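As structure tokens, the structure follows; a few thoughts come after it.
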Amino acid sequence: MAEIVFPENFEWGAATASYQIEGAYNEDGKGESIWDRFTHQKGNIANNDTGDLACDHYHRYQEDIKLMQKIGLDTYRFSISWPRILPAGNGKINQKGIDFYKNLVEELLEAGIKPAATLYHWDLPQKLQDNGGWENRDTAKYFDQYAQIMYRELGDLIPRWITHNEPMVVSMVANLWGEHAPGNQELQKALQVAHNVLLSHGLAAQSFRESGIDGELGITLNLNHVYPNSDSKKDQIAADYCDAFNNRWFLDPVFKGKYPEKLMDLYQNKFDQPFEVKAGDLDIISREIDFLGINYYSRAVVKYDEDEFYNFKTIKPEAEYTEMNWEVYPKGLTDLLKRLDREYTKGPIFITENGAAYDDQIAEDGSVHDPKRVNYLKEHFKAAHQALEAGVNLAGYYVWSLMDNFEWAYGYNKRFGIIYIDYDNHQKRILKDSARLLKDVIENNGLKNK
Ligand code: FCB
């Protein structure tokens, strides 16, 4: 029974995002966000669910911090709602919004939990969307101003900052596939959004350095290791396109100051000017950061298909799948981490999200057993450990999510939490078995029996 032990200063945490848990969507001066607008339009979200109340974390954060303490978290990743701070996106500051996060962070610190704040986890102020949202370059400027306000207000209390969560989803899922707010379906728009989001990251990273505060700053990218469906030359080409679309389009500008040529060529063949990049933008985007955050859920397997614009089609191999219909593939995490180490960064790298949705039920005795999630997490902890053994500078691991929450287009249907939320019973919190697993893992700084 071998033991798996993580490095001494390895950090264990759990993650959430403002819109998914806070509720209080129109309280204490908060402005409307694009997710408020999107969910209030019928037909956009499964069951027409909204984040109006969500887990009511806005009012129950103290109770939630007690649960984090119970689990023994070293660190907690949450996001700041921009329209709570700046209801119109720029201009007038809403002091009550700042107070909420200040109270949250002070309480976390008192509980011995290190706060890690994401500045943008998708809830853009609607007022900025009315002027084009991320498609408008001004939004990058306003994001930088908002970031500076947060550095000034909370810079001495928050040691870890993440500018953006998953620019790929912000651009492609929200503006090409139309599944997320604001629901656009236009490639050129999506490309401009991606660029402006990355630009805003660079601007806010620069301001962070200039602010002189002592913390660390990074960006979180959703990455999935891509595998060709066969050894054929064509399937390898397909895998390369998919990797360029999902991963390199975001990794390359941040770490290499350029966009992948392969896709640039494709875009330039389609449009005269696919999107606007100004001189100097890529220097800003590739400013040095302190760490890379990655969200890993699954891999991609693809085969060549010349009828597809990107020349690939996704395959679903016969395997185990979560409720999201995402394949359980822990090895993809090891492979991804090794690849990042080889090609992009010597770290530190944090896994800022990893977890699984399953259809949890409350048992008769009131407990919630989630053996599949326990297994999923164990296997991914092991996969992360294998990357560490291979020399990857992995510094911490945040499980997604601390609690069940509003899963975007899927509403409350999909449960990712290690804490169960009983939506029918005043959002009562129940620790699942997976929360106990994480508690044990943190206590032992690893897994006792393999
Ligand atoms: C990620 C998001 C997070 C959550 C998980 C399941 O893409 O960052 O908010 O929805 O997926």
- Task: For region 158-178, enumerate the residues that are under 16 Å from the mean Cα position of the chain (by Cα), within 16 Å of the ligand (Cβ to nearest atom) and of a type outside the set (Val, Ile, Thr).
- Result: His164, Asn165, Glu166, Pro167, Met168, Ser171, Met172, Ala174
- Task: Check Arg373 against each of (1) touching a Phe, Trp or Tyr at 6+ places or on another chain (Cβ under 6 Å); (2) under 25 Å from Leu119 (Cβ atoms) and name the one condition it does not meet.
- Result: (2)
- Would you point out which residue out of His380, His369 is at pLDDT 95 or above and either buried (at least 22 other Cβ atoms within 10 Å of the Cβ) or under 19 Å from the mean Cα position of the chain (by Cα) (or both)? His380
- Message: Checking the conditions here, which among Lys92, Lys114, Lys127 is modelled with pLDDT of 95 or more, within 21 Å of Ser211 (Cβ to Cβ) and open to solvent by 10 Å² or more (accessible area, probe 1.4 Å)?
- Response: Lys114
- Message: Show the residue pairs meeting these rules: Cβ distance below 8 Å; 6+ apart or different chains; first residue within region 274-302 and closer than 11 Å to Gly218 by Cα and touching a residue at least 40 places away in the same chain (Cβ under 8 Å); second residue hydroxyl-bearing (Ser, Thr, Tyr) and assigned to a loop (DSSP other than H, G, I, E, B).
- Response: Leu292/Tyr344; Leu292/Thr345
- Can you run down the residue pairs with Cβ atoms below 7 Å, 6 or more apart or on separate chains, where the first is in region 348-367 and farther than 11 Å from Lys432 by Cβ and the partner is small (Gly, Ala, Ser) and within 12 Å of the ligand (Cβ to nearest atom)? Phe350/Gly293; Thr352/Ala15; Thr352/Gly293; Glu353/Ala15; Gly355/Ser401
- Task: Determine whether Asn196 is touching a Lys or Arg at 6+ places or on another chain (Cβ under 8 Å), modelled with pLDDT of 95 or more and open to solvent by less than 40 Å² (accessible area, probe 1.4 Å).
- Result: yes
- Query: Among (1) within 16 Å of the ligand (Cβ to nearest atom); (2) open to solvent by less than 10 Å² (accessible area, probe 1.4 Å); (3) closer than 22 Å to Thr75 by Cα, which single condition is Trp122 missing?
  - Reply: (2)
- With region 139-252 as the region, which strands (runs of 3 or more DSSP E) entirely inside it contain at least 2 residues that are more than 20 Å from Gly347 (Cα to Cα) and touching a residue at least 40 places away in the same chain (Cβ under 8 Å)? 226-228
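Let's see how each residue does on (1) more than 16 Å from the ligand (Cβ to nearest atom); (2) of a type in the set (A, V, I, L, M); (3) within 20 Å of the chain's Cα centre (by Cα); (4) surrounded by 24 or more Cβ atoms within 10 Å (Cβ to Cβ):
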position	(1), (2), (3), (4)
Ala181	no, yes, yes, yes
Gln188	yes, no, no, no
Ser207	yes, no, no, no
Gly212	yes, no, no, no
Glu216	yes, no, yes, no
Pro228	yes, no, no, no
Asp240	yes, no, no, no
- Note on the structure: Expected single match for on the phi < 0 side of the Ramachandran plot, in contact with a helix residue (DSSP H, G or I) (Cβ under 6 Å, 6 or more places away or on another chain) and open to solvent by 10 Å² or more (accessible area, probe 1.4 Å) among Ile284, Ile362, Ile315 is Ile284
- Query: Are any residues in region 323-350 part of a helix (DSSP H, G or I), crowded, with 16+ Cβ neighbours inside 10 Å and away from the ligand (no atom under 16 Å from the Cβ), and if so, which ones?
  - Reply: Thr334, Asp335, Leu337, Lys338, Arg339, Leu340, Asp341
- Message: Pull out all pairs, ordered by first then second residue, where Cβ-Cβ is under 6 Å, the residues are six or more apart or on different chains, the first lies in region 2-28 and is within 29 Å of Arg60 (Cβ to Cβ) and among the aromatic types (Phe, Trp, Tyr), and the second is within 16 Å of the ligand (Cβ to nearest atom) and modelled with pLDDT under 95.
- Response: none
- Message: I'd like the residue in region 1-59 that is touching a Cys at 6+ places or on another chain (Cβ under 9 Å) and not small (Gly, Ala, Ser) and, out of all such residues, is nearest to the ligand (Cβ to nearest atom).
- Response: Gln20
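The values are calculated or read from the model by the stated rules, or taken from the named source; none is laboratory data. Small disclaimer: the values here were computed from a predicted structure and weren't measured. Reconstructed Cβ throughout: ideal geometry from the backbone, glycine too, with neighbour counts over all protein chains shown. Protein only, heavy atoms only, side chains kept; ligands, DNA and RNA dropped before computing areas. Shrake-Rupley method; radii C 1.70, N 1.55, O 1.52, S 1.80 Å.
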